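Data first, discussion second: the structure below is written as structure tokens.
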Amino acid sequence: MLVGPAADYEHSSPGNDVRGSLRSGYISDGGRRDVDILGDPIDSNRGFIEWRHLQNTGAFSLTGYLNYWSDSEIIRDFKPGDFERLQQPDTFLEAAYATDNVIFSAFLRVQPNPFYPMQERLPEVRVDLLPTPITGGIIQRGSASAVRLREDAIRTGTDLEDDRLDVYYGLSRPFVVAPGLTFTPVAGGRITRYSETTNGSGDY
């Protein structure tokens with residue numbers, strides 16, 4: 001028997017919408033536990049935590065998803081219906097603020113479960129310029145981001161960690177050639193910089 005708190009919450013008011021859920025469970029498992037996905041013996045103290053959060057307050061939004069598993073088999077063994085839906089847990093938090101044509105955002109992805117590989121973002125900060133008309137039918141768009149990337153090796157391989165800067169700006173001009181047919185030439189440029197390469201040769 002799994003024992004643990006569970007809750008659902010929701011709040012709505014003009015310009016503000018918040019909803020989420022919490023699911024958890026713990027068991028002192030005295031049954032046959034076998035080994036996990038890495039071949040390690042599964043401890044008798046087993047449990048999980050799942051939290052979802054969605055919030056929209058005016059131009060601000062916050063989205064969160066947390067999955068903590070004590071071992072790779074806890075959901076498969078005790079919640080097989082959920083395991084069919086989610087076999088590799090994800091954990092992230094994203095905050096965004098939107099104006100008429102620009103979105104500012106911060107995105108954090110971490111891996112609290114060391115038995116699954118994941119490219120972590122610690123965090124990624126972005127500015128996105130949405131498609132915006134400027135003059136003569138020309139449309140501009142762009143983005144700029146900075147992120148610390150990390151991916152830990154699972155048993156074998158190399159731990160990877162890197163800082164990346166990425167900037168893009170482009171212009172486009174749609175032309176209606178015929179009903180249902182549009183021709184759009186695009187001109188733009190992108191610069192991407194990595195602080196390290198895998199073989200340690202420096203910036204790229």
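The values are calculated or read from the model by the stated rules, or taken from the named source; none is laboratory data. Remember, it's a predicted structure, so these values are computed and weren't measured experimentally. Neighbour counts are summed over all protein chains in view; Cβ atoms, including those assigned to glycine, are modelled from backbone coordinates with ideal geometry. In case anyone asks, the SASA skips ligands and DNA or RNA and just uses the protein heavy atoms, side chains included. Shrake-Rupley method; radii C 1.70, N 1.55, O 1.52, S 1.80 Å.
Projecting the Cα atoms of Tyr168, Tyr194, Gln88 onto the charge dipole of the chain (Cβ charges, centred on the Cα centre) puts Tyr168 farthest toward the positive pole.
Skip the ligands, DNA and RNA, and give the accessible area per residue of the chain with a 1.4 Å probe, whole Å². Don't skip to the answer; put the middle values down first.
Values: 12580 Å² over 204 residues.
Using a 1.4 Å probe on heavy atoms only, each residue of the chain averages 62 Å².
Histogrammed with a bin width of 10 Å, the alpha carbon distances of region 112-204 distribute as 14, 30, 24, 18, 12, 3 percent, first bin at zero.
Among the trypsin sites (Lys or Arg not before Pro) found in region 101-204, those both in a DSSP coil and sparsely packed, with 10 or fewer other Cβ atoms within 10 Å of their Cβ, are Arg155.
Once the other residues with Cβ under 9 Å from the Cβ of Gly20 are scored (Lys, Arg +1; Asp, Glu -1), what is the net sum?
Details: positive: Arg19, Arg52; negative: Asp8, Glu10.
Combined, the nearby Lys, Arg, Asp and Glu give 0.
Place a +1 charge on the Cβ of each Lys and Arg in region 36-124 and a -1 charge on the Cβ of each Asp and Glu, then give the dipole magnitude about the Cα centre in debye, rounded to the nearest 20. Intermediate values should be presented prior to the final figure.
On the way: 7 positive and 14 negative charges, 48 e Å.
Computed charge dipole of region 36-124: roughly 220 debye.
Entry note, region 92-204: relative contact order of 17 percent, from Cα contacts under 8 Å with a spacing of 6+ residues. Here region 111-204 is assigned +1 on the Cβ of each Lys and Arg and -1 on the Cβ of each Asp and Glu. Its dipole about the Cα centre then comes out at about 520 debye. Assuming charge only on the beta carbon of Lys and Arg (+1) and of Asp and Glu (-1), the dipole of the chain about its Cα centre is about 700 debye to the nearest 20.
Sum up the charges of everything whose Cβ sits under 13 Å from the Cβ of Leu122, counting Lys and Arg as +1 and Asp and Glu as -1, but leave Leu122 out. Before the final figure, lay out the partial values.
Values: positive: Arg109, Arg121, Arg148, Arg150, Arg164; negative: Glu120, Glu124, Glu151, Asp152, Glu161, Asp162, Asp163.
With Lys, Arg at +1 and Asp, Glu at -1, the neighbours total -2.
What the phi angles of region 57-66 give under the Karplus curve with 6.51, -1.76 and 1.60, with θ = phi - 60°, is a coupling list of 10, x, 7, 9, 9, 9, 10, x, 8, 10 Hz, glycine and proline written as x.
Of the residues Ser70, Ser44, Phe104, the one whose Cα sits farthest toward the positive end of the charge dipole of the chain, with +1 on the Cβ of Lys and Arg and -1 on the Cβ of Asp and Glu, is Phe104. Let me make sure I get this right: for region 47-127, a, b and c are the square roots of the gyration tensor eigenvalues over alpha carbons, sorted descending. Under 1.5 in a/c it's rounded, otherwise prolate if a/b > b/c, else oblate. Which is it? Prolate, since a/c reaches 1.5 and a/b exceeds b/c.
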